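Read through the structure below, which is laid out as structure tokens, and then see the notes.
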Amino acid sequence: MKLGQRFAVGMLVWAAACGVAAGAAQAQTDPSFLLTATPEDFAAYFPSYLANGYLSTMTGPRGTEGNLAYVVAFMDYARDDIARPAAIPGWSGIDYSTGGTSAGEFWLDQTKLSAKAFANYSQTLNLHDATLSTTYRYTDDSQRSTDVRVTSFVSQASQHLAATRIAITPDFSGTVRLRFSFALWAPHQPRFPIRTMNGEEMLTAVDANNMSVLEPVNAVTADRAPVWYHGDTHVLAQDGDASDLTLWLDGRAEQGLAMAEAAAIGLPEGASPSDVKLIKGPHRLGLLVSVPVEKGRTYKFAKYTAVSREGWGGDAKATLAFARAARASGFDALLEAHVSAWHELWQSDVLIDGDARAQQALHSDLYYLLSNTTVGTAWPMGACALTPNYAGHAFWDSDSWVFPALLLLYPERAKPIVMFRHRTMQPARERARQYGARGTMYPWESDPETGVDHTPYFAYGVWREIHVNADIAIAQWQYYLATGDRAWLREYGWPVIREIAEFWVSRVELNAAEHRYEIHHVTSPDEAYDDVSNDSFTNASARKALDIAVAAAREVGAAPDPRWERIARQMYIPFSTREQRHLDFDASTPHDKVTWMGSSLSWLAYPNLDLPMTQQVRRNDFEFQLKELKVHGDDPNEMMMVMLAVHAAELGDGNAAGVWIARNLVGFLKPPFNVRSETAANNAGYILSTSAGFVQSFVYGLTGLRIDDKGLSEAYPPVLPDGWRSVTLKNIAFRGQRYDVVVSRDAGGKVRLKRTQRPL
């Protein structure tokens, strides 16, 4: 075990012994942090996940299943496929049998979910503690009953560690059996050559069950699951020790990185197994433990799992030592330290006084964002978190949606997103040369480990969605403005900003007749409009990126390229003088397609871009957006709902903002754990950009705050929906100081913003 691992475990024990985690013993948790499944959810249980930014597992209704699990940026690189997250061996499984009878042996995980077999069922995802707790009275087909309580977590205090504990109270005496397993997943079949399949081939492709790969499987499976299937981890070596109650394995992702996984089993105090067997097979590595039990007595079994991957931890031997050390610490101590770490995170929060449903949604969204953040790394966040959806790739979602949502609340957790773009400059340079451009041309879909382009061929047109390159520059500058860290800007942010500016210089075209610069052959954010000229969002973003390059150069003492300022000043952004509103793109392209968004004009009001315009133009853009959403909108993407909330707030209409905030709560939150989907009608779940967007509706929408050259500016008057008493941004960070920001009504009913500096 590495020194850092020994130190981490030692600190967990010390923290618990000193009472640092006393907050875990709170008598009652705010109900806005609790999401609970009941038997009514058995038929439509949409899985959530437990994660700490490095390691995850999906949830299962019994709490004992061996579920799919993932590690950050651990990718499968199968031939002819795109990079996709390789599922690591499932670590969460603890199966239970009441023992063999004349009627046979019955295992909990094989028992069909029903209110009879799982009486008094409840499963709670505690967002405040980041734990999953499942309780029920399990009755098998032989009518033997057992009270079952399962608690699971992925440690926020110790990155490599996860643990599950099952407490059983049988209503009989005899010998029970428990199976502590790693699920060794078979390679997903079929594997499609998605790197080369075009759109028509995707439309006609079918999976192993002869189902279209683009059709939803059922109400509780993410849409396009047959496309966004998990990658493979090949187990290279596996073993266990029945006497030591340990398991370990070494593996490697398909043509990818090495990984290791280990578990140490903790038995109830005073319990003595009558038999322990090691199970080794192609799909399972486990320990089968037989234990005598007495009626009415409670027995607690714990499974301590440690996971590492190449570049983050050691091999199986080192990982096993970590699992053993965790077992020596004990479940309660590890849980206390984990809960304490989460309570520390929740010291920063967004609080609503006046809307309990919106508050619970905010807390679940923040939970999902925090569950996928790291500190001190250069890993981005996949569009769909630590799941295989959208193949785990990094889109503009990381820079323009997730990053701003985290920046004021959790700046140290926003930083890896901008660091990722610096780390992957070289593949972006190579891609620019591939397309005849200069500087860096970041891909639409980046492999989170290498930064290499892994956009599927059937989505080939989106290679033209080049606004991502401006989005990245804007995020870099926002980080500098929020932190004031000039040393960081000089070493990391400025190189990224400079080479993106070089890209735009090589990508624009001078229209000499009109005395303006234009950008042709792009894909709009409203992606059905492919290969258009002068997309307004793209051109406005490019202009801002060039202005940022000029400002950044001066901050670090470099000479800005004079072309940057000239091009920015003469950048063409399509505008209708007659209607006094912006156009989505050149008037030469008909605006007549039915899309998720209807129009992308509200994107011009996006907080990070915030294109300067008069309030009348802003209102005209908003009204056109609403009209087009009705005429040409189809099952709107939730990102659109977020933009309408922010846009309405910029217009000073708190009630309209509240309407769109409320619209974010209808259809998008999949029960029972508020997993957000891309649209209300589909199940493309775990979309972090929509969670982040909902948070931005409050952080930048209702408050009117913007991060700009002047500081944390009150760019727009704050607003509140009628009936809301206040919104509080608790413990935000800006340039080395901490603040509470409260939007509330004064004695005369006027909405005002007050910021209070916290003592350091």
Here the residues within the range 118-135 that are in contact with a Lys or Arg (Cβ under 9 Å, 6 or more places away or on another chain) and not aromatic (Phe, Trp, Tyr) are Ala119, Asn120, Gln123, Ser133, Thr134, Thr135
So which of Lys277, Lys303, Lys295 ends up being touching a Phe, Trp or Tyr at 6+ places or on another chain (Cβ under 6 Å) and in a strand (DSSP E or B)?
Lys303
Please pick out the residue among Arg738, Arg706 that is outside any loop (DSSP other than H, G, I, E, B), over 29 Å from Met613 (Cβ atoms) and not assigned by TED's automatic domain parsing to the domain that holds Ala552.
Arg738
Which one is nearest to the chain's Cα centre (by Cα) among residues in the range 292-320 that are buried (at least 21 other Cβ atoms within 10 Å of the Cβ) and hydrophobic (A, V, I, L, M, F, W, C)?
Val307
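If I ask for residues that are β-branched (Val, Ile, Thr) and outside any strand (DSSP E or B), which ones from the range 306-325 would you list?
Listed by number, the list holds a single entry, Thr319.
If you check Asp447 against the conditions, is it acidic (Asp, Glu), within 21 Å of the chain's Cα centre (by Cα), more than 16 Å from Asp81 (Cα to Cα) and at pLDDT 95 or above? Can you show your working first?
Numbers: acidic (Asp, Glu): yes; within 21 Å of the chain's Cα centre (by Cα): yes; more than 16 Å from Asp81 (Cα to Cα): no; at pLDDT 95 or above: yes.
When the stated conditions are applied, Asp447 does not pass them.
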Would you check if there is a residue in the range 326-336 being acidic (Asp, Glu) and either without any contact (Cβ under 8 Å) to a residue 60 or more places away in the chain or surrounded by fewer than 21 Cβ atoms within 10 Å (Cβ to Cβ) (or both)?
yes
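For (1) under 28 Å from Val617 (Cβ atoms); (2) small (Gly, Ala, Ser), each residue gets a yes or a no:
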{"residue": "Gln478", "(1), (2)": "yes, no"}
{"residue": "Ile497", "(1), (2)": "no, no"}
{"residue": "Tyr517", "(1), (2)": "yes, no"}
{"residue": "Glu527", "(1), (2)": "yes, no"}
{"residue": "Ala545", "(1), (2)": "yes, yes"}
{"residue": "Ile548", "(1), (2)": "yes, no"}
{"residue": "Arg554", "(1), (2)": "no, no"}
{"residue": "Ala558", "(1), (2)": "no, yes"}
Looking at the range 676-689, is at least one residue in a helix (DSSP H, G or I) and in contact (Cβ under 8 Å) with a residue 12 or more places away in the chain?
yes
Among (1) out of contact with any Lys or Arg (no Cβ under 9 Å at 6 or more places or on another chain); (2) in the same structural domain as Val727 (by TED's automatic domain parsing); (3) of a type in the set (A, V, I, L, M), the one test that Ala645 misses:
(1)
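The values are calculated or read from the model by the stated rules, or taken from the named source; none is laboratory data. Just so it is clear, the structure is predicted and the values come from calculations on it, not from any experiment. With ideal geometry, Cβ positions are generated from the backbone for all residues, glycine too; neighbour counts draw on all protein chains shown.
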